[in-house]
Structures are given as C-alpha cells and as structure tokens.
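The block underneath contains the structure these notes are about, expressed in structure tokens.
The values are calculated or read from the model by the stated rules, or taken from the named source; none is laboratory data. These figures come from a predicted structure and were not determined experimentally. Here the Cβ is made from the backbone with ideal geometry for all residues, glycine too, and neighbour counts use every protein chain on show. When the accessible area is computed, the model is the full protein with side chains, heavy atoms only, and any ligands, DNA or RNA have been set aside. Shrake-Rupley method; radii C 1.70, N 1.55, O 1.52, S 1.80 Å.
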Amino acid sequence: MSPEIAFLHAFAQALAASALYSPAHPARRRAIDAAFERLRILQAEDAQPCFSFLGRDVIYNRILLRELRDWEWSAKCAAAGVQRIEVLRDATGDEVAAFIDDVMARMFAPPGAETPPPRQTAIRFGVVGVQPTGGDAGFLTTAGGSSMIGDLLSSTIHFTLTEEADTVRWMHGEVSRTGAVPLVEAEAVVRSLSVALHADGRLMIPLLRLKAFDQYTTTHSINVSILVMALAESLGHVPRDVRALGTAGLLHDLGKVRVPPDILTKPGALSPEERELLERHPADGARLILNSDRALTLQAAVAHEHHVWIDGGGYPRRRFSRDCHYASTVVHVCDVFDALRTDRPYREAWTSDRALEYIERRSGKEFDPEVTEAFASMMRRHERDVVGVDERSTLGTSTDAAHEANTPEPVPA
Ligand SMILES: [Fe+2]
Ligand SMILES: [Fe+2]
C-alpha cells in the first residue's frame, strides 16, 4: 500500500476511534499514534503532502487516488468543511492529535454550531479558498472590485490554479509530442477545478487572467472548464456528468496543438490559408481525443462541434444538417464568453455584461436559446462570485500552442 493511502486509512481509523472512545482511552491514543507514524513515513517521501476531498473522491497533490474512489471518509470530511489538508512541515505527535481533535469537532458539531478555528500547527485544513497570487491582503477581488480577503479566514486553505495551469501546459506539450492525451492528469485537473468551484463552501467562479497572449490556450481551457462545470451544476447535472462536461471544456481546443503558433498569436486578420489551418483544430482535436481513449465520445464530439452554430453556420461545415450534441452547445456558449472577456492581440477584453449581451443577441442563431438563458442567468446571479485569478506560474519559459482567433469576430455593439 502506498504511504499516502496508508496514512489516509490510519487517519480514518483515528477519527473512528476518537468517535468511539473517550479522550483518555488507550485505543484512541493508539489509533492517533498509528496515524502519526503513517504520516512520518509519508513525509519521508513527500515533505509537504496535500489532500483534497471532493465528494467521495480524494486527490493527493494533483493525482486522483483511484484506490479510494467512493471513500466514505472523504465525503464525511468534505461535508464537515475539511475539503483540503496540507502538511507544511514535519508534524509532531501532539500536532497530529490536535488535528484529529479539530476534525472531529467539526464532524460531530451540531448543525449550525460554531466551531473554534483550527489550531495553527504543521497540519492545516479547511475549506478551499482561492489565492490568485502569493501575497498580501487585497489581492483577491470580486468582479465588482471589492476585496474578499476579509471573507477568507486564516483557517482557510488557500487554493491556487498554478498547478492546474502548469499541468495543462505540460499536457498540451505531451499531446503535441506524442499525439496522446494524458487523461489521468486531465481528469485530476478537472477534479481540482471542481474543488476550486466550491471555495469557501459555496459556488465561486475563479477565472484565470491571461498573463501573455501565447498562454491563451492554457488560460482559456481552464476557464471554459470552470464555466461549463458551473453552468452544468446550476442546471442540476449530477457530479459525474458535471465532471464529464468539465473535461470536454478542458479539451475542447486540444486540436490547436497542431496549429502553427504564429497563426494563433497573429494580431491581424488571417489569410484564407491561415484560416483554413486554424479551422482544422476541431477535427484534429476530436481525432487526438479518440485516439487516446475511444470511450471519450462526448469530449470528442465537443471538440469537433464547438464552433458549429445551431443554425448550421460556423465550422467545420457539414454536408448534412444535424443537431449538435447538447454538451457542444454548452461548451460553445462558455467558449465564446471566455474569449470575449479576454484581451486578444486584436482587441481589448469586453466586460462580462457586454459579452453576455452579445451571446443573448445571437441566441437562436448561433447559440442554443435554453443554454444561453441558463448561462446568462447563472452569470448574473453569481456576478459577485466571479474571482479573477492571476496565475503564479513556475514554468516561465514554457510556451503553449496558444491563442484563438476562431471565435467569430463579434460585431461591435
Ligand atoms: Fe476552438
Ligand atoms: Fe475555445
């Protein structure tokens, strides 16, 4: 058994023993000692392990632990507000005991009861927050501009999208190099984004800000995945379907790894030849996805159809008209919204309101009316929950096959 799994089992046993026995009971002490021992073994390999609990799934660092799929203790922790655990340095036995006590206090608190903040030890835990940059108060602002730092209590474990962005950049590099999509990592990114969506125990929509034009595809893929999952949740889809749609959002522009970067970053209008190359990305993306896993038909359909309008316009052109997959209509709306609200080489970012109005005007022609309505009302309802996140990348030299000029150039309002 791997050390992280062994630690989680010991952690769960310590919680179970703490629920059964009085604080002084030797069985409780033994279970806590065992958890401490397992943590020590884990930290010998990984000095700062980090776990996220998402429903019944566990993400260790950024890997989904398949062995613990459907693990009831994950759901119990998440429900008690313990969505993330970070071990910052070597923990002592007393710190492990305090940690188990603090988690127990949350798990068995009567509904609505106040629990004391967790002690500041080597083991931090809490609900998932969003930390856009490593820094000071005031860095976290809502779309309306008001600071939310006060809302993030010191007990909140901050969450960055840096690892997700690095993983997506790496993923695009792998696809470009090998032609195969690293699906485990893609799935882990989607789960991690889904955790970020529930920051602070409620729906938040963290959207990455573009830091350089050649990073567009990374930023855009993450944002589309987040928007699609937020929309899917508000439409009442079950978590498994929400994540499947989130993966489709993450992979929708995968075919751009085959488009020359100078086309993707070109500031002016594309020549007919350049446009033809760009417009191959839906078919290329679908092919790359299906070649990697034939079961990903939904994600492949979305990659293929995300530029097709509901009246048959857009691209790729179809010889016979047929309806797009429902998931494609969902991704299409989120795709265009994110493209419009982002700075491009050929125009400045639009405000969210302007982008929504544009999409609403094209409802029934380009966009599915029901999806448009659901998206616009969700975005307006959660206007104050949209958080701009500045990526803090550690891969400064990486380039990604980035940039999209393929959103139909909007008619200026
Ligand atoms: Fe695209
Ligand atoms: Fe896109």
Q) Any residue at all in segment 285-293 that is closer than 27 Å to Phe375 by Cβ, open to solvent by less than 70 Å² (accessible area, probe 1.4 Å), more than 13 Å from ligand 2 (Cβ to nearest atom) and among the β-branched types (Val, Ile, Thr)? A) yes
Q. What do you reckon, is Asp70 within 20 Å of Ala6 (Cβ to Cβ) and modelled with pLDDT under 85?
A. yes
Q. Does Arg240 satisfy the condition of being out of contact with any helix residue (DSSP H, G or I) (no Cβ under 7 Å at 6 or more places or on another chain) and either of a type outside the set (A, V, I, L, M, F, W, C) or under 15 Å from Ala327 (Cβ atoms) (or both)?
A. yes
Q | Filtered residue count, segment 302-314, keeping only those that are surrounded by 20 or more Cβ atoms within 10 Å (Cβ to Cβ) and within 14 Å of ligand 1 (Cβ to nearest atom) | A | 8
Q) Among the residues of segment 384-400, is there at least one that is modelled with pLDDT under 85, under 30 Å from Leu161 (Cα atoms), in a loop (DSSP other than H, G, I, E, B) and within 16 Å of ligand 2 (Cβ to nearest atom)? A) yes
Q.
Condition check: touching an Asp or Glu at 6+ places or on another chain (Cβ under 8 Å), free of Cβ contacts under 8 Å to residues at least 40 places away in the same chain and not aliphatic (A, V, I, L, M). Does Ser22 satisfy that?
A. no
Q.
All but one of (1) away from ligand 1 (no atom under 16 Å from the Cβ); (2) modelled with pLDDT of 95 or more hold for Phe337; state the number of the condition that does not hold.
A. (1)
Q.
Given (1) touching a residue at least 12 places away in the same chain (Cβ under 8 Å); (2) under 18 Å from Ala303 (Cβ atoms), identify the lone condition not met by Leu290.
A. (1)
Q) Which residue pairs have Cβ atoms under 7 Å apart, sit 6 or more places apart or on different chains, and have a first residue in segment 252-275 that is of a type in the set (Ser, Thr, Tyr) and a second that is part of a helix (DSSP H, G or I) and more than 14 Å from ligand 2 (Cβ to nearest atom)? A) Thr265/Phe213; Thr265/Asp214
Q: Give, as residue ranges, the helices (runs of 4 or more DSSP H) completely inside segment 195-289 that count at least 3 residues that are away from ligand 1 (no atom under 16 Å from the Cβ).
A: 216-234, 239-251
(Q) When you check Ser22 against the structure, is it open to solvent by less than 70 Å² (accessible area, probe 1.4 Å), in a strand (DSSP E or B), modelled with pLDDT under 90 and among the polar types (S, T, N, Q), yes or no? (A) no
